[in-house]
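Engineer: Quick one: the structure is below, and I'll ask about it shortly.
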Amino acid sequence: MYQHGVLTALLVWPALAALLVLLVPERWAKHVAFAASLVEFAIAVPLWWTFVPGAGMQFLADVPWIADWGIHYTVGVDGISLFLVLLTALLVPLAVLGSYTYITRRERAFYALMLLLTSGMIGVFVALDLFLFYVMWEVMLIPMYFIIGVWGGERRLYAAIKFFIYTFFGSLLMLVAILALVYLVAQRTGVYSFSYTHLLAHLGGLGPAAFWLFGAFFLAFAIKVPMFPFHTWLPDAHVEAPTAGSVLLAGILLKMGTYGFLRFAVPFFPQVALAPAVANAILVLALIGIVYGGLVAMVQPDFKKLIAYSSVAHLGFVVLGIWALTLQSVQGALLVMINHGISTGALFFLAGMLYERRHSRLIAAFGGIARVVPLLAAVLTLVALSSIGLPATNGFVGEFLVLLGAFRAYPVAAAVATTGVIVGAMYLLPALQRVIYNPLDQPENERLVDLSPRELAVLVPLLVCIVWIGVYPQPILRRMEPAAQQFVQSVRAAGSTVTAAR
């Protein structure tokens, strides 16, 4: 029963819980939402043990939805999507718990939107029908728009509208591409179907249309990543969003773009994705993102904006790993996606905790606080070191695999990307020193309180993941390796077949 119903439960339960949150008294909303998110986590955790590496798509459910249009409710996970589902189930209860003192108005609406957002995020990662995927992509967009626009900072409306316009523009391009794709395949097969496996099996020989279809998918996902130069919505959204919004935006929503590359854009159109001109252009954009994101982060006075620009750099490594198309680089890309969600999520939690104490995001507002809040300073140090990829932390393993795999395919690109690791240390370590290790020269900072038990409950699971993945990543790598290997082999085979035909 668990095998066939678990993904549906993960999708439906948060939406039902959101309705429940709206019905309870305001003072109970956060507790009901936290309990509901813990139930979601409890439903998701057995996926880790019951997933069988190398068995393809698992936990499948396939039910006709709008049968006349070829639309089915089809869900499943493999080694690519499994960890993104688990990461979502982990971060949501932590984000809810982390909002207990931050969100003080319209609590029912906030926590209901958080749970609805959970359904959308899980839906994106498990959908195996392109219509369902598009619906979930849009379901995820609306709650985040309101979370930023209602509970954000001073410029929240500007940030929310910018986020919405960028993402919605990409979504519309993707919708047009999906419809065109279904139509072109139906012309050949006589079957109208939005099924991922059906479309994947009948996509050969699209000719020039493949280039335009790939372009539409690529733009939708590149905006979401966000890749340079489509990244300008990200700093505003991150800075203005409440802490929980920033955590889920960085931890989960950005991964939808890179997941889209892995699941749809590259497997559907390998002949375009691997074309030298296209691949080289994408690699250049990824490298610019890695170096540029780090350099811009170096000069940011706002701690949250610094973390936001670091995301541009980290996700550049993911794109490099995908297009290098070796087993190590693709596994590394998947690991960077997971690790970025953990480390950057923790950084945003810590930035929010500092903001709650000083009501300032400016790095200059702090200094020497390790003397007053030693526990917070120790946690911030460990998380910062994991973010820059210190060996024995989670950040090192993913970036090392990406660079190792990319070096075999694109040695010059790997060398340039390596400088991004150095730049990462150049923007995060000085910021760390200025926040916690400089002289304690501001009277306001002498009265700060250290981490509370609730804040420790938020951070400890992330710290455990940072150390565990850094020291012993093998269980994760073993589960994702067959899916990564199949991705590399199928894309290479399809790309080489088209190249040989030419």
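Read the figures in this text as sums done on the coordinates, not as results from a lab. Source: prediction; values computed, not measured. No Cβ is skipped: glycine too gets one built from the backbone with ideal geometry, and neighbour counts run over all protein chains shown.
Engineer: Against the empirical 2.2 N^0.38 Å scaling, what ratio does the C-alpha Rg of the chain come to? Please list the in-between numbers first.
Structural biologist: Working: Rg = 21.9 Å, N = 502, 2.2 N^0.38 = 23.4 Å.
My calculation over the Cα atoms of the chain gives 0.94.
Engineer: Let me ask something additional. Sequence neighbours fewer than 8 away in the same chain don't count; with that in mind, list the lysines whose C-alpha is under 22 Å from residue 162.
Structural biologist: 224, 255, 304, 305
Engineer: Another question about this same structure. Apply the membrane-span-like helix rule to the chain: whole DSSP H runs, Cα extent along the own long axis of at least 30 Å, mean Kyte-Doolittle hydropathy at least 0.5. List the helices found.
Structural biologist: Values: long enough: 2-23 (32 Å, 1.75); 130-151 (32 Å, 1.90); 156-189 (48 Å, 1.53); 276-298 (33 Å, 2.12); 303-324 (32 Å, 1.29); 327-358 (46 Å, 0.74); 411-432 (32 Å, 1.76); 474-501 (40 Å, -0.04).
Counting only whole DSSP H runs, the qualifying helices are 2-23, 130-151, 156-189, 276-298, 303-324, 327-358, 411-432.
Engineer: Report the calculated FRET efficiency for residue 232 and residue 422 (r = Cβ-Cβ distance, R0 = 35 Å), to the nearest 0.05.
Structural biologist: Working: r = 25 Å, r/R0 = 0.71.
For R0 = 35 Å, the calculated efficiency reads 0.90.
Engineer: Starting from the 7 Å offset along Cα-to-Cβ, what nm value, one decimal, do you get for the label separation of residue 183 and residue 433?
Structural biologist: Placing both labels 7 Å beyond Cα along the Cβ direction yields 6.0 nm.
Engineer: Using label points projected 7 Å from each Cα along Cα→Cβ, tell me how many nm separate residue 38 and residue 197, to one decimal.
Structural biologist: Using points 7 Å along Cα→Cβ, the separation is 3.8 nm.
Engineer: Please give the Cα centre distance for region 128-204 versus region 466-497, rounded to the nearest Å.
Structural biologist: About 26 Å separates the Cα centre of region 128-204 from the one of region 466-497.
Engineer: Okay, moving on. In whole percent, what relative contact order does region 62-153 give with Cα contacts below 8 Å and a gap of six or more residues?
Structural biologist: Numbers: 84 pairs, mean separation 29.3, N = 92.
It comes to 32 percent, rounded to a whole number.
Engineer: Can you work out the FRET efficiency for the pair residue 441 and residue 48, with r the C-beta to C-beta distance and R0 = 45 Å, to the nearest 0.05? Write down the numbers at each step before the final one.
Structural biologist: Details: r = 47 Å, r/R0 = 1.06.
Using R0 = 45 Å, I get an efficiency of 0.40.
Engineer: Give me the number: length gained by fully extending residue 23 to residue 375, i.e. 0.36 nm times residue separation minus the C-alpha to C-alpha distance, one decimal in nm.
Structural biologist: Working: separation 352, 0.36 × 352 = 126.72 nm, distance 3.84 nm.
Length difference between fully extended and current span is 122.9 nm.
Engineer: Give, as a single signed number, the net charge of other residues whose beta carbon lies under 14 Å from the beta carbon of residue 332, with Lys and Arg counted +1 and Asp and Glu -1. Could the numbers behind the result be given before it?
Structural biologist: Working: positive: 408; negative: 399, 481.
Summing Lys/Arg as +1 and Asp/Glu as -1 gives -1.
Engineer: Using the Cα atoms of region 410-450, I'd like the radius of gyration and the largest Cα-Cα distance, Dmax, both in angstrom.
Structural biologist: 17.1, 52
Engineer: While we're here: Work out how much length residue 176 to residue 288 would gain on full extension: take 0.36 nm times their residue separation and subtract the Cα-Cα distance, in nm to one decimal.
Structural biologist: Details: separation 112, 0.36 × 112 = 40.32 nm, distance 2.90 nm.
So the extension gain works out to 37.4 nm.
Engineer: Then there is this: Summarise the long-distance tail of P(r) for region 28-139 by giving the % of C-alpha pairs beyond 20 Å. Write out the running numbers ahead of the final one.
Structural biologist: Working: 2991 of 6216 pairs.
Cα-Cα pairs of region 28-139 separated by over 20 Å account for 48 percent.
Engineer: Next question, about the same structure. Need one number: nm distance between label points at residue 168 and residue 299, each 7 Å from Cα along Cα→Cβ, rounded to one decimal.
Structural biologist: Label at residue 168, label at residue 299, 3.3 nm between them.
Engineer: Then there is this: State the extension gain, in nm to one decimal, for the chain segment bounded by residue 452 and residue 63, taking 0.36 nm per residue of separation less the distance between their alpha-carbons.
Structural biologist: Working it through step by step, the gained length comes to 135.4 nm.
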